[in-house]
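The values are calculated or read from the model by the stated rules, or taken from the named source; none is laboratory data. Just so we're clear, the structure is a prediction, and the values are computed from it rather than from any experiment. Cβ sites come from the backbone with ideal geometry, for glycine too, and all protein chains shown count toward neighbours.
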Ligand code: PLP
């Protein structure tokens, strides 16, 4: 079992007060707080071990390079990827998915070729495919969720046609928490020669992930949700897809030789990592992933599942609260509106007065908001350091909102 008090002690920000109340941080879906080990790693890197990576032949550059490059292996281990060279380091999921859109999809999509998306996708896994639609005549095909927010993998498989080149799908919705059975989708897609990109931005934070077992072609993660620094992340690209891909950005580091007339690229994955990277951010991400693996992904998932069950039961007791996404197969992410209450922004402002941090808005999920028939929701999203007492603080705050608006 996860020792949640010990976990909380690792996160210095959790001791602070907001508006005179203890902080109850339930905005983890947007970004997670950082444990002391990550903060220390950043300080140490800048205080004692900083230089640019790869190019130097001096002690500090070698040290920084060694630390930076070792993170590739940490990410591979975290994701269950056997070969480190299938991990491309980047600034986060947005960059990762754009790299696939520009580097892999654009050269192979012709007018009428299709991308299948679920209606739950984050804009980071929508807008790059709109580029393909606008510029190359790609067709975006949408698969809806049911009334509980569940996604039937068979509906995704049934949407495949001979024109389908890619399925781009989240493994966990950042709005509803819905988990998606991407393995079943990957099995069927592979049999039909269709590539699958999995947006793991949320799933990889909350449950153990084994990318080699999933059998996807691309798997994107973003460091700041994984208790690491913002501006860090990675994307798994399967070896054969990497060979098919052209570089997205050109510059230093991704080349072996440049002359006036020609360029010889570096070997993958560095071929896809142009320019000075987020050196310290990536080192911090490595420490964050070691921290998570130290806690145990199974233990984190079990703890968050119990928070999910407790929160679901308490929220269900509020008959003036409309919860979006009631499927039991979900992470501890809850989106809701209050009957008769003001805009979700008002609710989040009132909750903040009680020290409770939630997010309000469209959560970068326009098509899902349209599907749900709302313009915005409030979202409470939990992490390894949250407690059932904090669920109670959320409920108390919501009851106050209800009383104020009644
Ligand atoms: N995909 C999902 C499901 C997300 O929740 C997010 C972040 O909110 C992203 C993609 C984009 O991640 P980033 O902004 O870190 O690139």
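A few notes on this one:
- Tally, over the stretch 166-194, of residues that are away from the ligand (no atom under 14 Å from the Cβ) and either touching a helix residue (DSSP H, G or I) at 6+ places or on another chain (Cβ under 7 Å) or under 21 Å from residue 326 (Cβ atoms) (or both): 8
- Taking the criterion of being in contact with a helix residue (DSSP H, G or I) (Cβ under 6 Å, 6 or more places away or on another chain) and assigned to a loop (DSSP other than H, G, I, E, B), the residues of the stretch 118-143 that qualify are 119, 120, 138.
- All positions within the stretch 120-141 that are surrounded by 17 or more Cβ atoms within 10 Å (Cβ to Cβ) and in contact (Cβ under 8 Å) with a residue 40 or more places away in the chain: 120, 121, 122, 124, 125, 126
- Conditions (1) part of a helix (DSSP H, G or I); (2) more than 30 Å from residue 353 (Cα to Cα); number of the one not met by residue 82: (1)
- Residue 203 vs. criteria closer than 24 Å to residue 364 by Cα and surrounded by fewer than 24 Cβ atoms within 10 Å (Cβ to Cβ): yes
- Scanning the stretch 92-120 for residues being under 20 Å from residue 236 (Cβ atoms) and within 16 Å of the ligand (Cβ to nearest atom) gives a total of 14.
Conditions tested, residue by residue: (1) modelled with pLDDT of 95 or more; (2) more than 19 Å from residue 78 (Cβ to Cβ); (3) within 11 Å of the ligand (Cβ to nearest atom).
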| site | (1), (2), (3) |
| --- | --- |
| 219 | yes, no, no |
| 231 | yes, no, yes |
| 234 | yes, no, no |
| 238 | yes, no, no |
| 244 | yes, yes, no |
| 253 | no, yes, no |
| 256 | yes, yes, no |
| 262 | yes, yes, no |
